[in-house]
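For reference, the structure discussed in these notes is given below.
The values are calculated or read from the model by the stated rules, or taken from the named source; none is laboratory data. Only a predicted model underlies this, so the values are computations on that prediction, with no experimental measurement involved. Cβ sites come from the backbone with ideal geometry, for glycine too, and all protein chains shown count toward neighbours.
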Amino acid sequence: MRSFLSLPSAGVMFFASAWLLMIFAGIVSDDVGVKPFGYTTSMVATIGLWLVIAPAAAAVAGVRKKH
């Protein structure tokens, strides 16, 4: 059952991550010097972050070998 629910929960986490990125980018935009961006741009940035972080996380998780 756990593997069955992992895909929908990943989808929910994707949309929540994109929303949080959009909110925090708007909050720190003046301090960092970036323009606030919308939800669609935030989703594209989240996909990019996930594509970079997922292989790194898999590599770290794959370091452990079962004995």
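Specify which of the listed residues (S42, S3, S9) is part of a helix (DSSP H, G or I), in contact (Cβ under 8 Å) with a residue 12 or more places away in the chain and not aromatic (F, W, Y). Give the steps one after another, and end with the answer.
Values: S3 fails: in contact (Cβ under 8 Å) with a residue 12 or more places away in the chain; S9 fails: in contact (Cβ under 8 Å) with a residue 12 or more places away in the chain.
After applying the criteria, what remains is S42.
Has region 16-24 got any residue that is free of Cβ contacts under 8 Å to residues at least 12 places away in the same chain and surrounded by fewer than 10 Cβ atoms within 10 Å (Cβ to Cβ)? Talk me through it step by step, then tell me what you get.
Filtering region 16-24 for residues free of Cβ contacts under 8 Å to residues at least 12 places away in the same chain gives 16, 20, 23-24.
Cutting the leftovers down to surrounded by fewer than 10 Cβ atoms within 10 Å (Cβ to Cβ) gives us none.
No.
Any residue at all in region 22-33 that is aromatic (F, W, Y) and at pLDDT 85 or above? Steps first, answer last, please.
Filtering region 22-33 for residues aromatic (F, W, Y) gives 24.
Remaining after also requiring at pLDDT 85 or above: 24.
Within region 22-33, one or more residues are aromatic (F, W, Y) and at pLDDT 85 or above.
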